[in-house]
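Inspection log for the structure reproduced underneath, given as C-alpha cells.
Taken together, the values in this text are just the output of simple stated rules run on the coordinates, not laboratory data. As the structure is a prediction and not an experimental result, all values here were calculated from the model. Using ideal geometry, Cβ is built from the backbone for each residue, glycine included, and neighbour counts are taken over all protein chains shown.
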Amino acid sequence: MTTDAKCGPSRREILAASGAGLALSALLRPGAVLAQADDTVTIAYNVALPSWDPTVGLSAVNPTIQAIYRSVFDQFIGQGPDLSFQPGLLTAWGWNEDRTKVWMDVREGVRWQDGSPFGPEDIVWSLERAGKPETGNPIQFIWSTIGNFAIDGNRVTADVLRYEPTLFKWMAFLTAYVMPKAYYEKVGAEGFEAAPIGTGPYMVDAFERGAFLRLKSNPHYWGGEPAFKTVIFKFVPDATSRVAEVESGASDVTLEIPYEEYDRLKEKPGLHGYTTPVSDIAMIFLNDVGPMLDKNVRLAAHMSIDKRAIVDLLLSGYGEPIDTLEAPQYAAYDPTIKVPYDPDKAAALLAESGYGPDNPVRFTIQTTRGFKPKDYEMIQAIVGMWRKIGIEAEIEVYEIAKHFELRAQDKLAPAAFYNWGNAIGDPTTSTGFAMFGPSPHSVWDTEDLDAMIGPLWGEADEEKRITGWKAVDRYIAEQGYVIPLLQYVQPIIAADRVKVTPNVSGALQPAWMEKAS
Amino acid sequence: MLATRLALGLLTLAGVAVVVFVLLRVVPGDPVAMMIPPGATEADIARLQARYGFDRSIAAQFLIWCGDLLTGEFGTSISLRQGVAGLILRHLPATLELAVLALEIAVILGGAVAVISARLRGRWAENAIDTGNGLALAVPDFIWALAMVFLLGVLWPLLPISGRIDPRLAPDYVSGFLLLESILRLDFAVAGDVFAHMLMPALALALPLAAIIGRVLKSALVEAMSEDYALLARVKGFSEIAVILREALRNALGPTLALTGVQFTFMLGGTVIVERIFSYPGLGNMAIDAVINRDLPLIQGLVLTFGAMFILINLAADIGAVLLNPRLRHGG
C-alpha cells in the first residue's frame, strides 16, 4: 500500500488509521475521564443555559441560571451569600429626601472583558433598555419606575416616575445586569449571543448549547481574580447522572440531588457536602372557592399538617418548617407568628362546621410530581393526615405548565401545591405577589387582604413597610389564607479539593469557590 | 415508485404538521402563562400574547407558521430566543451520529448473534444466546443507559457519563458532525473522545435493536438453511459457516432489513430519554426542554424533523429491500 503524495491518503488508509486511532484513543482514556487540573473546577449543573442575554426571556427569571450570569456579568448591586446587599458596579445608591429622585455612584476603573472602559453610560443604557416594554425584560414593571437619567462624573441620577421601595433590592436580582452599551450596539443581539462580554469574574471561553460552558477567569476583575482559572459547567439535567458525575470524579461539584444520595455521597472518601436553607419554599395555595370559603376548614387543613414529620421522613431532615411565606432570612420574617400542629384543634374546628371523619369535607388538591423533591409524596402524606380529622382530598397531578395556566386564569383547585422563590428576601416578592388579589400570581383574592396589602406597595418608610408586611403575614396565618409548608435546603456535594460557599439564593457561584488547603 | 413514495411521505409530513400544531394548542399548558412576571398587568399579558403571536386564531397562527416553513424557517424558539431551523440544524448532527453509531453496533451485534446462534443450532449455546437476546430485548434502552452509567461510569469509570466531548477539547470544527469531521481531519484525540462519549448512549440504544435483528435474522437464516441452494452448497462440501455466510445470509437479509428500518425509527424515538440521561446535546435532549418550557415553535419543528427522519428511513429501508430482492424489483 502506498500513499499518493498528491492525492493524500487513500480511503482505505484513512479508514484503517481512523479505526486504529479511535480504538486507541477511546480505550486508553480512563485517565482523561478522571483528570481534573488544579486550576479547573468542573460543575455538574442541573440547568442548561438557554440564552446569553440575562435581561430578557424565560432564562432571565430562572433563579438557578443566575449563577452562570453572575459569573460573566455584574449586577448593579451585589449580593452576598446570605442575601445581604453589597456594592456591585454601583458603589453607593439611594433616594433624595422626598423620594422623587434616585442617585447611584458608579464604580471607577472597571473594564469590559474586551478591554474597553466601563462607565456610567453603560449603567444608564442598561436601565433605560430594561425599562422599555419592547425589549421584553420580564421585570420591566420595576425598571420603568425611574427615568430621565443624568450623568455627572461617576454619579447617575434619575427621576422617580413611580415610587417603588424595592427598586434597589431588585438591582441585585433577576435581570439586573449591566450590559455593554457600545459593544451591544456594535454587534447587535445575535452578535452578543455569539460572543457575550460582561465585567464579571469570568469570561466565556467555549459554549456548546445544551452540553457545556467553559469559562476562564478575568485577570482584570475589579473584585480580584477568582481562585479557579477555568470553570466548566456541564449541563446535566438528570439527577442520577449528576450523582454519577461527582461519584466517578468526572465533576468536582454538583447540586440538587436526592437527599438520600447526598447522605451517601458526603460520607464517601474524597467528597464532602453542604446543606443550606435557600430562598425557596414549599406551600399550598388555597383558592377562595367552595369549601375554602370556610375559615374552619382552612385552619383545620393547616393545623393538621405535621410539617416536621414531613421534613424528617420524606426529606431526610433537610428542610425548615415555616408558618408564613417569609423564610428566616427574609426581611419581614417574624418568628412569633405560629400556626401550631394541633390535630385535635383541627378536628374541633372541622366539627364546628359539621365535618368529621364520618362526614368529611371534600375537595381537590393539585400537585406536580417530580418537579420539586418529593412533591407528590408530600401531598400524599398531607392527604393522609387530613383524612384522620375529616378532610377527604383527591389528588390531581398536573404539569407545572398547567399550574401556571390555571393560576393565571384563577382556576386552580381549592388547594394546589407550589414552590415560591424570593432571592431578595423582600416581603413584596413573597407574600406580596403571592397573596395580593390583582397580582397575576395570586390565588387567594379577597378584599380584606387586598385592603391591607395595597398601601404597603408604595410605603416610603422602610420600618413601617416591613412592620406592615409582618401584620399582613400574621393576618394571613390567623385567617388560614395559605398553607406555608417548609423552606427547602439545597444539597451540594464537592470534591475535597474544592471549598464551596453555599448561597442562600441558591445560585452556586464558582467565583466564590476556593481551593481547599 | 420512488416518486409516489416521496409524494406520500410529503403528504404524511403535512398531516403530522397539522395534527401537531392543533394538538399543541389544545392540550393544557399556556406558554405565555409561564412567562408572566410578578407585577404584570392585563396589558402586559396581552403584550406578551401578541409578541409570540398567541393572540391570533389557531388558523391564523397555522398559516403564519406554514409561511415560515416555506421560507425554510420554523419560527422562533420561545425559550432559546433563536430561529428554530438553526437550532435544529445545529443539534441534528449529534443525534444523527449517535443514531448511526447505534445502528452500526446493533447490526454488528445482532448479525453476529444471529449467525452464531444459527451455526450452533440445537446446542446448549443456542439456548444461552437466545436467553441473552431475550434479556436485551426485554430491558428498555433507558434502563440499559442507567445500568451503563453505574457500571462503566461509576463502578469502573472507563467512559465519560455526560456530554458529547470533553469541554477542555471543544474543537473549532465547521460541521456539527464531530466524529466524522475529526476522523476526516485525522484528529484522533478528538475522535477518540467523541467516540468514548457516544459509546454508552449508543450501546444503550443499540442493545434492544440488536436483539430484534438477531432474532429475526436468525429465523430467516434457519429458514434459508433448509432451502435447496443451501443443501446443494453442503453437497459441494461447503462448511456450515460458509453456507450461512455465502448462501443463506444474502437471502435472509431482505426481511431483516425491512424490519430494521422500522425498528430504527423506534430507536430514534428512544434517543429522547437516552440523550437526557447522558446529557447528550442532540435533538432528543432539546425536545425534553422544549416540552417542559412549552416552547411550541420548537416542539413543532422537532416533531416535523423527527417525522421527516422516520419517513426517509422507512423509504431507505424499502429501497434497500427492493435492491436486495429481485422479486420485489420486478413486482413478483
(request) Return the calculated 222 nm mean residue ellipticity for chain A, to the nearest 500 deg cm²/dmol, obtained by summing -39500 (n - 2.57) across DSSP H runs with n ≥ 4 and dividing by the residue count. (result) -9000 deg cm²/dmol
(request) Could you list the trypsin sites (Lys or Arg not before Pro) in segment A:389-479 that lie in coil according to DSSP, counting only those with at most 15 other Cβ atoms within 10 Å of their Cβ? (result) A:Lys411
(request) Return the distance in nm (one decimal) between the two label points of a simple spin-label model at B:Leu63 and A:Ala348, each offset 7 Å from Cα along Cα→Cβ. (result) 6.8 nm
(message) Counting other beta carbons within 10 Å of each residue's own, what order do B:Ser175, A:Ser442, B:Ser279 fall into, fewest first?
(response) B:Ser175, A:Ser442, B:Ser279
(message) Could you give each residue of segment A:115-120 its phi-based ³J(HN,Hα) in whole Hz, using Karplus coefficients 6.51, -1.76, 1.60 with θ = phi - 60°, and x for Gly or Pro?
(response) x, 6, x, 9, x, x
(request) Within 10 Å of each residue's Cβ, count the other Cβ atoms and sort B:His197, A:His220 from fewest upward. (result) A:His220, B:His197
(request) Let me know the charge dipole size of the protein assembly as shown about its Cα centre in debye, to the nearest 20, where only the beta-carbon of Lys, Arg (+1) and Asp, Glu (-1) is charged. (result) 2940 debye
(message) How much length would be gained if the chain were fully extended between B:Leu13 and B:Val27, taking 0.36 nm per residue of separation minus their Cα-Cα distance, in nm to one decimal?
(response) 3.0 nm
(request) Find, among the GluC sites (Glu not before Pro) in segment A:177-274, those assigned to loop by DSSP (not H, G, I, E, B) with at most 16 other beta-carbon atoms within 10 angstrom. (result) A:Glu267
(message) Can you tell me the orientation of helix A:462-479 relative to chain A, as the angle in degrees between its alpha-carbon axis and the longest Cα principal axis, to the nearest 10?
(response) 60 degrees
(request) Place +1 on the Cβ of every Lys and Arg and -1 on the Cβ of every Asp and Glu in segment B:93-292, take the dipole about the Cα centre, and give the residue among B:Leu232, B:Ala206, B:Ile288 whose Cα lies farthest towards its positive end. (result) B:Leu232
(message) Going Cα to Cα from A:Lys402, which lysines come in below 20 Å? Please leave out same-chain ones fewer than 8 positions away.
(response) A:Lys372, A:Lys374, A:Lys411
(message) Can you compute the label reach from B:Asp130? Point 7 Å from Cα along the Cβ direction, backbone N cut-off under 20 Å, restricted to segment B:221-240.
(response) B:221-227
(request) Treating cross-link reach as a plain straight distance, find the lysines whose alpha-carbon is under 20 Å from the alpha-carbon of A:Lys234, omitting any fewer than eight places away in the same chain. (result) A:Lys216, A:Lys499, A:Lys515
(request) Give me B:Ile78, B:Ile241, A:Ile146 ranked fewest to most by other Cβ atoms within 10 Å of their Cβ, as a rough exposure proxy. (result) B:Ile241, A:Ile146, B:Ile78
(request) Determine the calculated [θ] at 222 nm for chain B from helices alone, applying -39500 (n - 2.57) to every DSSP H run no shorter than 4 residues and normalising by the residue count; nearest 500 deg cm²/dmol. (result) -23500 deg cm²/dmol
(request) Work out the length of the dipole vector of chain B about its Cα centre, built from +1 on the beta-carbon of each Lys and Arg and -1 on the beta-carbon of each Asp and Glu, and round it to the nearest 20 debye. (result) 660 debye
(request) Taking 7 Å along the Cα-to-C-beta vector as the label spot, tell me the B:Phe266-A:Lys268 distance in nanometres, rounded to one decimal. (result) 3.5 nm
(request) Quick one: which residues, 5 or more positions from A:Glu396 or on another chain, have an amide H under 5 Å from its amide H? H modelled 1.01 Å from N in the peptide plane, none for Pro or chain starts. (result) A:Ile365, A:Gln366, A:Thr367
(request) List, in the order given, every pair from A:Lys345/A:Lys470; A:Lys132/A:Lys181; A:Lys101/A:Lys181; A:Lys132/A:Lys186 whose Cα-Cα distance in the structure shown is over 18 Å. (result) A:Lys345/A:Lys470; A:Lys101/A:Lys181; A:Lys132/A:Lys186
(request) Please give, to one decimal in nm, the separation of the simple spin-label points placed at A:Glu447 and A:Lys229, each 7 Å out from Cα toward the Cβ. (result) 6.9 nm
(request) Would you please give the FRET efficiency between A:Trp95 and B:Ala46, computed as 1/(1 + (r/R0)^6) with r the Cβ-Cβ distance and R0 = 22 Å, to the nearest 0.05? (result) 0.10
(request) Treating the angle as unsigned and between 0 and 90°, give the value, to the nearest 10°, between the Cα long axis of helix B:124-138 and the longest Cα principal axis of chain B. (result) 10 degrees
